[in-house]
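I have placed the structure first, in the form of structure tokens, so that the comments after it can refer back to it.
The values are calculated or read from the model by the stated rules, or taken from the named source; none is laboratory data. Since the model is a prediction, treat every value here as computed from it, not as a measurement. Cβ sites come from the backbone with ideal geometry, for glycine too, and all protein chains shown count toward neighbours.
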Amino acid sequence: MKDERECATSQVTGTLLIVAITVILSILLLLSLHIPDFDWEYTEPPVIFSITSITSSPPTYESQVFLRNVVKKNYKNQELAAKIYCNDILLPCTIQTLNTHEFIPTAHYGVKNLKGAGGCSETWNYNQLLRIDLSDGFIHPGDSIRVDIIKTSTNSVISRDSMQA
């Protein structure tokens, strides 16, 4: 007959071995997967729609901002909105769509009209321009202008660019 010491069976030892092997395999699996770095620092949105020029000339200071799509990607202009800042102060103008056919030009919204290939069709294609004609007097020479382009479905800024008038 076998002695109890020779059997070497123990539920506790077996359970501990299974738990240890499972933990080691889990750690190896997690290390083999790409875990993204969490960067909690604020980063500026990229320049997708670049300000190519700003016009503002006396006596009425007609204010116009010209934007160009500088990335090789098409964007649905109906899903884009814009906020324009002058010297870090939000201008009182509402641009809820960058599609020229859907944009309703009214003086009390601070924008006379939108023109250009970037807003004529459904998409704003690479290298196409869009002119935003603001109400007179919004921009003066020397002002710092910033344009934020917002994706309306997520209400997030997808492009930001600045230029001196």
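Listed here are the residues, each with its yes/no results for (1) out of contact with any helix residue (DSSP H, G or I) (no Cβ under 9 Å at 6 or more places or on another chain); (2) exposed (fewer than 11 other Cβ atoms within 10 Å of the Cβ).
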{"position": "V23", "(1), (2)": "yes, yes"}
{"position": "L29", "(1), (2)": "yes, yes"}
{"position": "P45", "(1), (2)": "yes, no"}
{"position": "L98", "(1), (2)": "no, no"}
{"position": "Y109", "(1), (2)": "yes, no"}
{"position": "T123", "(1), (2)": "no, no"}
statement: Of the residues in the stretch 89-124, those that are under 18 Å from I51 (Cβ atoms) and in contact with a Gly (Cβ under 8 Å, 6 or more places away or on another chain) number 4
statement: Filtering the stretch 141-164 down to residues that are in contact with a Pro (Cβ under 9 Å, 6 or more places away or on another chain), under 30 Å from P58 (Cα atoms) and of a type in the set (A, V, I, L, M, F, W, C) yields I149
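Among the residues of the stretch 125-152, which ones are of a type in the set (S, T, N, Q) and either within 16 Å of S53 (Cα to Cα) or out of contact with any helix residue (DSSP H, G or I) (no Cβ under 6 Å at 6 or more places or on another chain) (or both)?
Listed by number, the residues that qualify are N125, N127, Q128, S135, S144.
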query: Among I84, I132, which is the only one that is crowded, with 16+ Cβ neighbours inside 10 Å and touching a Lys or Arg at 6+ places or on another chain (Cβ under 8 Å)?
result: I84
query: Quick one: would you say Q64 is closer than 20 Å to S159 by Cβ, assigned to a helix (DSSP H, G or I), at pLDDT 90 or above and not aromatic (F, W, Y)?
result: no
query: Which one of K72, K112, K151, K76 is charged (D, E, K, R) and modelled with pLDDT under 90?
result: K112
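Could you please find all residues in the stretch 128-162 being among the aliphatic types (A, V, I, L, M), within 23 Å of K73 (Cα to Cα) and over 11 Å from the mean Cα position of the chain (by Cα)? Write out each step before concluding.
Here is the first cut: in the stretch 128-162, the residues among the aliphatic types (A, V, I, L, M) are 129-130, 132, 134, 139, 145, 147, 149-150, 157-158.
Going one step further and asking which of them are within 23 Å of K73 (Cα to Cα), we end up with 129-130, 132, 147, 149-150, 157-158.
Of everything in the stretch 128-162, those that are among the aliphatic types (A, V, I, L, M), within 23 Å of K73 (Cα to Cα) and over 11 Å from the mean Cα position of the chain (by Cα) turn out to be L129, L130, I132, V147.
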task: Tell me which of these P46 doesn't satisfy, since it passes every other one: (1) closer than 20 Å to N125 by Cβ; (2) modelled with pLDDT of 95 or more.
output: (2)
field: Scan of the stretch 73-88 for residues that are under 12 Å from V147 (Cα atoms) and assigned to a strand (DSSP E or B), ordered by number
entry: A81, A82, K83, I84, Y85, C86
- prompt: For the stretch 89-165, list the strands (runs of 3 or more DSSP E) that sit wholly inside it and hold at least 3 residues that are without any contact (Cβ under 8 Å) to a residue 24 or more places away in the chain; which are they?
  reply: 111-115
query: Residues in the stretch 6-40 that are modelled with pLDDT of 75 or more and of a type outside the set (G, A, S): how many?
result: 19
